[in-house]
1. Dipole magnitude of the chain about its Cα centre, charges +1 at Lys/Arg Cβ and -1 at Asp/Glu Cβ only, in debye to the nearest 20?
2. Once Lys and Arg get +1 and Asp and Glu get -1 on their Cβ, which of Met63, Val53, His92 lies farthest toward the positive end of the dipole of the range 18-114?
3. Rounded, prolate or oblate, given the Cα gyration tensor of the range 5-107, with a/c below 1.5 counting as rounded?
4. Starting from the Cα of Glu24, move 7 Å in the Cα-to-Cβ direction to define the label point; list residues of the range 50-82 whose amide nitrogen is under 11 Å from there.
5. Give me the percent relative contact order of the range 51-94, please, defined on Cα pairs under 8 angstrom at least 6 residues apart.
6. Under a GNM of the chain (C-alpha, springs under 10 Å), which listed residue has the highest mean-square fluctuation: Ala56, Ala17, Ala66?
Amino acid sequence: MTASPRALDLVKVATLAADSKGGEDLVALDVSGPLPLTDAFVLVTGRNERNVVAIAGEIEDKMIEAGAKPLRREGRQEGRWILLDFGDIVVHVFHEEDRMYYSLERLWRDCPIIPIELPVGRAVE
């Protein structure tokens with residue numbers, strides 16, 4: 001099974017929004033095989049709590065503009081790991097220390113990576 005075209009479109013919206021607020025180390029994973037409830041995870045790192053909250057806010061705004069309804073959000077008050085669930089995709093915005101500690105890339109290492117296209121030729125893979 002592979003991520004749906006809608007999920008891939010939303011990955012693009014989320015990664016562009018994260019990049020616009022200084023999000024770093026963007027990774028998108030196709031988790032449609034092992035997880036029946038969502039197609040993709042987007043992982044992004046913020047430099048500090050304030051940056052994490054700003055990134056998550058921009059992602060949420062842009063996803064709503066794209067017609068995605070936020071089903072659940074967690075962690076906004078702490079600003080360390082904010083989870084945004086949009087059904088087709090789940091976005092994880094981490095403080096850099098929490099990103100290293102939880103290492104979701106390692107946990108989901110068997111899942112295919114979704115290529116990320118950023119403006120000005122800054123593609124991430």
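1. 160
2. Projecting each Cα onto the dipole axis, the largest value belongs to Val53.
3. oblate
4. none
5. Taking the mean separation of contacting Cα pairs over the length of the range 51-94, I get 35 percent.
6. Among Ala56, Ala17, Ala66, the largest mean-square fluctuation in the Gaussian network model of the chain belongs to Ala66.
Read-outs throughout are calculated quantities, based only on the coordinates presented, and are distinct from any laboratory measurement. Small disclaimer: the values here were computed from a predicted structure and weren't measured. So basically every Cβ, Gly included, is an ideal-geometry build from the backbone, and we count neighbours across all protein chains shown.
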